[in-house]
Amino acid sequence: MKIFKNQAAQGDLWWFRIASVPANAVDVLPTSGRFILAHSETGHHHVMDAREGVTLKRDPVDQFRQFLVIDSGESTLEHLRGHDTHETVAFQPGMYELRSGREFDPFEQLVRRTAD
């Protein structure tokens, strides 16, 4: 299990500690008891258990920014893939900004989350 101090990454997801969450951030609801921090079209999501004291919020304007708040205890980020998986990462209590990878689709002329 990886442990980090200020910033780290897993797959298309990069995160770093922040002092506060923007006031306009919107709550994200868990799916099947987990927060999906990075979505995968193949079902190999990067997830964290939605337990008491863990909150996920998103930026209402920038689809590539999310905010994770952990009030107490350690929480872990897991990659839901049985093979060739990313190592689990331990998050300590605190506030984090999460940034997702992005790619440009020249045919549709738009920027979107990186697809895997």
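Tabulated data
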| read-out | value |
| --- | --- |
| Count of residues meeting criterion [at pLDDT below 95, of a type outside the set (D, E, K, R) and outside any loop (DSSP other than H, G, I, E, B)] in segment 36-57 | 6 |
| Tally of residues being modelled with pLDDT of 75 or more and either outside any strand (DSSP E or B) or hydroxyl-bearing (Ser, Thr, Tyr) (or both) across segment 58-86 | 12 |
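The values are calculated or read from the model by the stated rules, or taken from the named source; none is laboratory data. Note that the coordinates shown come from a computational prediction; the quantities given were computed from them, not determined experimentally.
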